[in-house]
């Protein structure tokens, strides 16, 4: 269906719906889906971490791995090198916090949502209280932001310069976000790839 190689990056803080919508878009447009988070989880498995179900990043074990990443940048660098190589092949959707800054090409989407909205989604997904979800998000995000600031110099969730589209998802459901992004991909991304 896609003529010219397409690269789309979907980004947003935890609970913004980026993974869910990125997978759906990949399926709809016949693109390969790659997740920076999944690649990091694979490295965590190799390091002996075990509990890798939904909500793992907000768990004690996930936070421990995050702290380990903060001390040793090799994990994030390995994942980013892999994603950059996959992006070169084209026809991919990347669910990543770093690719919008590291990739020179592609269409970059930021899904914006308040901490409260994201915490409600995570609480529902993981069966925890909203208060616990907020606390986990804040702890995780502070550490994550520090890692990327130290590694690459950008401020995750504060610097929006690489993005072509910033979509406020606070008052949108999953289906509405998907339909809006389909409209953008049809009318902007695919149209410009056919004009090449």
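Miscellaneous remarks
- Within the option set 47, 88, being under 29 Å from residue 184 (Cβ atoms), out of contact with any helix residue (DSSP H, G or I) (no Cβ under 6 Å at 6 or more places or on another chain) and free of Cβ contacts under 8 Å to residues at least 60 places away in the same chain holds for one residue only, 88.
- Any hit, segment 82-96, residues being part of a loop (DSSP other than H, G, I, E, B), closer than 19 Å to residue 140 by Cα and within 17 Å of the chain's Cα centre (by Cα): yes
- Looking across 102, 94, one residue alone is buried (at least 20 other Cβ atoms within 10 Å of the Cβ), closer than 19 Å to residue 38 by Cα, touching a helix residue (DSSP H, G or I) at 6+ places or on another chain (Cβ under 7 Å) and touching a residue at least 24 places away in the same chain (Cβ under 8 Å). It is 94.
- Taking segment 6-39 as the range and being part of a helix (DSSP H, G or I), more than 11 Å from the chain's Cα centre (by Cα) and surrounded by 18 or more Cβ atoms within 10 Å (Cβ to Cβ) as the test, the residues that pass are 24, 25, 26, 29, 39.
- Wholly enclosed helices (runs of 4 or more DSSP H) of segment 115-193 bearing at least 3 residues out of contact with any strand residue (DSSP E or B) (no Cβ under 6 Å at 6 or more places or on another chain), buried (at least 18 other Cβ atoms within 10 Å of the Cβ) and modelled with pLDDT under 95: 115-126, 130-152
The values are calculated or read from the model by the stated rules, or taken from the named source; none is laboratory data. Here the structure is a predicted model, which is why all the values come from computation and not from measurement. Every residue, glycine as well, gets a Cβ built from its backbone with ideal geometry; the counts of neighbours run over all protein chains shown.
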